[in-house]
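Where a number appears in this text, it was derived from the coordinates with a stated rule and is not lab data. Small disclaimer: the values here were computed from a predicted structure and weren't measured. A quick note on method: Cβ atoms are made from the backbone with ideal geometry, for glycine too, and the neighbour counts reach across all protein chains shown.
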Amino acid sequence: MSEIEVGLTELRRKFSEYVERASKGERIWIAKRGVRVAALLPPPAEADVKAIFARIEAIRRRSKKVRHVAVRSLIEEGRM
């Protein structure tokens, strides 16, 4: 990811251009009197919902299966 630094005055004049550049992956640092005060960043990648659910399912399959455990017994043992 490339980065550039622009002053606040220049940013005001060419705001649309810098927003377009940020949307294409460039990080734009905004400086006020030579000090970085903010940044325009590219948008985060969209989450792949199917991949997330596939990972959750894989974890669920690897976990221990607990069978025939009564909630009352867990409470009495102090585990719940």
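Compare the peptides 43-52, 6-15 by average per-residue count of other Cβ atoms within 10 angstrom and give them in order, highest first.
Numbers: 43-52: 7.8, 6-15: 13.0.
Ranking, from highest mean packing down: 6-15, 43-52.
Could you order the peptides 54-60, 16-22 from most to least packed, using the average number of other C-beta atoms within 10 Å per residue?
On the way: 54-60: 9.9, 16-22: 13.9.
Descending packing order for the listed peptides: 16-22, 54-60.
Output the Kirkwood hydrodynamic radius of the chain, Cα pairs only, in Å rounded to one decimal.
On the way: mean 1/r = 0.0578 Å⁻¹.
Roughly 17.3 Å, rounded to one decimal.
Angle check, please: helix 49-62 long axis (alpha carbons) against the longest principal axis of the chain (alpha carbons), in degrees 0 to 90, nearest 10.
30 degrees
Give the cross-link partners of LYS64 among the lysines, using a straight C-alpha distance below 24 Å as the criterion and excluding same-chain residues fewer than 8 apart.
Excluding near neighbours in sequence, the set is LYS50.
Counting alpha carbon pairs within less than 8 Å and at least 6 residues apart, what relative contact order, in whole percent, applies to the chain? List each step's numbers first, then the result.
Working: 69 pairs, mean separation 17.9, N = 80.
About 22 percent, as a whole number.
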